[in-house]
1. Could you line up Met215, Met161, Met131, Met106 from fewest to most neighbouring Cβ atoms inside 10 Å?
2. Nearest 5 is fine: what % of DSSP beta bridges in the chain come out antiparallel, could you say?
3. Lysine pairs in the chain with alpha-carbon atoms under 13 Å apart, 8 or more places apart or on different chains: how many are there?
4. With each run of n ≥ 4 DSSP H residues scored as -39500 (n - 2.57), what mean residue ellipticity at 222 nm is computed for the chain after dividing by its residue count and rounding to the nearest 500 deg cm²/dmol?
5. With r as the distance between the Cβ atoms of Gln152 and Lys91 and R0 = 45 Å, compute the FRET efficiency 1/(1 + (r/R0)^6) and round to 0.05.
6. With each label point set 7 Å from Cα along the Cα-Cβ vector, what nm distance links Phe186 and Lys114?
7. Which ordering of Val41, Val93 is given by a fewest-first count of other beta-carbon atoms within 10 Å?
8. Could you quote the convex hull projected area for the chain, Cα atoms only and averaged over all directions, in nm²?
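Read the figures in this text as sums done on the coordinates, not as results from a lab. All values derive from a computational prediction rather than experimental measurement. Because the Cβ atoms are built from the backbone with ideal geometry, glycine has one as well, and the counts that use them run over all protein chains shown.
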Amino acid sequence: MHEPQANLITAHAGAGDTPPNSREFLRYATQSDADIIEIDVSKREDGRLIAAHSSTTAKAEDLTSFCRFLASLPSRQYLNFDLKAPGLEKKTVEILWSTGLAQRSMYSGTVDYKLWQPLPLSVALRLPEVMLNAENCGLVALIAEREKSPQQRLIFWQKNMAKLQEIKLRTGIDKLNLAFPTVDNFVRNYLAEHGLGLSVWTVDESQAISEFWQMGVFNLTTNKVTEAARLRREIHGF
């Protein structure tokens, strides 16, 4: 599967004022302008994986049946499975292969990047297998980082870039998934200069959405899919 273009829209689980991780949400998202559909993955105490933000969510569907329903819908959108606890990677991937969704899926959240291996050089254009969250690659205190002087910020990112480049070389992972208050043009440009793409979450205000489209991010996760699509058309023409 070829890597999609930049400025993608991810429908946040529960977008369109639907119950998060529900079949109603899937019906909405698959008919929306979203390029990617986000699904949260948690684990019950008995070991079952569920489509939910938390293991204690009362009304949560078993992930396997949820994915079977999703596979039955007339959609070929990309899927992002946001893992909410460590150790869910292997079982999630097994479920996605068994339900026919694996080849259009990516992962974010609590992902152990060490489980991913580099793709062959012949596969140059691809869907990113993982959008790496800050806490999983040693990036901490990003809100405080924005308050530092330009020189201090440069030192911070120089110190962390070696780790990010090591991850990229080892696994092929080249997209960071950051909370939107931690991101500005400095961060976006510094990552781009070092061959790293940027995904931001969860952006619902029109002004912020517009600013990120102008900035040029790989992906924007939002509850306001229709508004994000409208602004993308205004700014980028598609």
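1. Arranged by neighbour count, lowest to highest, Met215, Met161, Met131, Met106 become Met161, Met215, Met106, Met131.
2. Bridges in the chain that DSSP calls antiparallel: roughly 15 percent.
3. 6
4. So the helix-based figure for the chain works out to -10500 deg cm²/dmol.
5. 0.60
6. 3.3 nm
7. By the 10 Å Cβ count, ascending, the order reads Val93, Val41.
8. About 12.9 nm², averaged over all directions.
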